[in-house]
Structure formats: C-alpha cells, structure tokens
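Scroll down for the structure; my scribbles are underneath it.
Only the coordinates and a few stated rules stand behind these numbers; no lab work does. All of these numbers come straight from a predicted model, not from anything done at the bench. All Cβ positions, even for glycine, are placed from backbone atoms using ideal geometry, and neighbour counts span all protein chains on display.
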Amino acid sequence: MSLIILSVIIILPAKADEPVSQNIIKANLFSPIVRTGSFFYERVLNEDMSFQLGFFYTGASISETSFRGVGITPEFRYYLSETRPAPSGVFVAPYARYQNFSITAEGESGKGTFSGIGGGLLVGWQTLLKNTISLEGFIGPAYTSANVKVTDGDEEDFELGFFDGFGVRFGFTVGLAF
C-alpha cells in the first residue's frame, strides 16, 4: 500500500508539469484587414519546443496590383520560459515561407504569376486560458525573393510591395488548444 502511495506522490507532480494541450489550431485576427485568411497548426515537441505550420489564402491589392493565391509557412519555435512549458510564454521562431499567386495589374493591363520564397525570425508571446483558448502576439523581420512570370503586359505593370524584399511579419492569433 505504501508503494502505491509513494508512486502516486512521484507520478502526480510529474504529470502536473506536463503541458495538457499538445496541439493548437489558430487564426490570425489581423489578416482580414489585408483581405487574407491566415490559419496555423502548432504541435508541441517537448517542454521548450514546438513546430507550427501556417497556411494562408489572399485576395490582397497593393497600389494597382491584385494578388490571389496561397502561401505556406513552416516554423520552429523555441520557448524561453523556465517556469512554463511550451506552448506558453515568450518564444523565438525562425521560419520559411513559400507563396504562389496569380497577379493582375489595374484594368487587367497586365497578368502573370508570382512565386516567392523567403523567411525570417519572429519574437512572440503565447498564453493558454484554461488550457483551451490560445492568445498569441508576434512580430519580426521578413525577407522574400520573388519571381514574376508575365503572361500579358510588362513586369513594370506590377507593384509587388511587401510581397518582395524586406518587410515585417506580425500578427495576433486566437486559437483552440487540445
């Protein structure tokens, strides 16, 4: 009997330190401002690390250029907190991103395809409310190298804006942890 009590005393604190939620599905609340839907799946790997996969669809316009297409963003997260296990606390996250869009210049004077590959580094903070609701904010530098294939018009017809070159990636997500 004392062996069972000793086992319970040893096992229960160990389980209390483990994160209950190993998976989170999230949506970026800032994305609709630029006519984009941005969704993420995060999986905890251990108490300090997680992997996140993001997907977005956009119908954004910059100046006189319209973009329609998708992007995918794999991300590795390292949580810095010594008192709270992943997926809670401050994190740093290197990421890569691939984007593929059809592009149209104003008045349909130009058409083409856009593909971009890039990456960056984020700093963020995430918390879980009642181990169910995820709230997260992040910001960091980004770089994208783009390739435009023009099918109608000239490459000068297109304004690529933040889709090409250096920029800032930021967001605020709300999610469901399970």
*About the Cα centre, charge dipole magnitude for the chain (Lys/Arg +1, Asp/Glu -1 at Cβ), debye*: 800
*Computed [θ] at 222 nm, deg cm²/dmol, the chain (DSSP H ≥ 4; -39,500 (n - 2.57); rounded to nearest 500)*: -3000 deg cm²/dmol
*Farthest positive-ward along the chain dipole, Cα basis, beta-carbon charges - from F162, G116, F178*: F178
*Just flag the trypsin sites (Lys or Arg not before Pro) in segment 80-168 sitting in loop per DSSP whose Cβ has no more than 15 other Cβ atoms within 10 Å.*
K130
_Separation of alpha-carbon centers, segment 27-78 and segment 114-152, rounded to whole Å_ = 6
*asked:* Using just the Cα positions, wrap segment 29-177 in a convex hull and report its mean projected area in square nanometres, one decimal place.
replied: 8.3
